[in-house]
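In what follows, a single structure is set out as structure tokens and then discussed.
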Amino acid sequence: MVKVIASSVRKGNVLDVDGKLYVVLTAQNFHPGKGTPVTQVDMRRIVDGVKVSERWRTTEQVERAFVEDVNFQYLYEDGEGFHFMNPATYDQVVVNDETMGDQKAYLQEGMTCILSIHEGVPLALELPRHVILEITETEPVVKGQTASSSYKPAMLSNGIRTLVPPHIDAGTRVVIATEDNSYVERAKN
């Protein structure tokens, strides 16, 4: 176990709190005008999936569990879960639906992801920062609207809604940020 200050905790980290392992879902640092700065952390207990919120002073020490971050390639999904393969050793692991969470919408066959593994068990998944998806439906362009900086709603090929610039039409391939489902740019290829 490694002790780190609470303000350095990030999404995907695995913490040891009172002898139990938790994966961090969100971590935010708050610096009020008066009072002590604090770190608010939402976590999921790995053993039973219970979600817990914790608040520490930013300078408090928390124990970070040793996890190995390994590149894995996404293969497929079936009744067991989501299957990933280590391209170096060809070992396969199955990640359950609960561990995947909302990120499963972005999985594409052959995609390389980083799996956090503790004692052979996959605990958390980190997707690439950007993925290329196709716009399946969006509102038509209104003449004169293209010069404005307004965005219009669009549906992506994975079923997620996002906002895109007015010049983007259905059938266009775009780059999307996986962290917040936001439009980055039109795909180059």
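The values are calculated or read from the model by the stated rules, or taken from the named source; none is laboratory data. None of the values given here were measured: they were computed from a predicted structure. Positions of Cβ are backbone-derived with ideal geometry, glycine not excepted, and every protein chain shown enters the neighbour counts. For accessibility, only protein heavy atoms count, side chains too; no ligands or nucleic acids. Shrake-Rupley method; radii C 1.70, N 1.55, O 1.52, S 1.80 Å.
Which percent of the accessible area of region 73-112 is formed by carbon and sulfur heavy atoms (probe 1.4 angstrom)? It is 43 percent, rounded to a whole number. For GLN40, neighbours were defined as the other residues whose beta-carbon sits under 9 Å from its Cβ, and their charges (Lys and Arg +1, Asp and Glu -1) total -1. Here the Karplus curve 6.51 cos²θ - 1.76 cosθ + 1.60, taken at θ = phi - 60°, turns the phi angles of region 32-45 into couplings of x, x, 10, x, 8, x, 10, 10, 9, 10, 9, 9, 10, 5 Hz, with x standing for Gly and Pro. Checking the a/c ratio against 1.5 first, then a/b against b/c, what shape does the Cα gyration tensor give for region 68-126? Rounded is the answer for region 68-126, as its axis ratio a/c remains below 1.5. Surface composition of region 2-64: carbon plus sulfur atoms contribute 49% of the solvent-accessible area (1.4 Å probe, protein chains only, all chains present).
Across the chain, how many lysine pairs separated by 8 or more positions, or lying on different chains, have Cα atoms within less than 24 Å? Taking the chain as the scope, the lysine pair count is 10. The helix-only estimate of mean residue ellipticity at 222 nm for the chain, built from DSSP H runs of length n ≥ 4 each weighted as -39500 (n - 2.57), is -500 deg cm²/dmol after division by the residue total. Measuring only protein heavy atoms, the 1.4 Å probe finds MET155 accessible over about 40 Å². Remark: region 13-112 carries 60 Å² of accessible area per residue (probe radius 1.4 Å; ligands, DNA and RNA excluded). Computed from the alpha carbon positions, the gyration tensor of the chain leads to an equivalent ellipsoid with semi-axes of 35, 25, 13 Å, biggest first. With the convex hull drawn around the C-alpha atoms of region 95-135, the volume per residue stands at 82 Å³.
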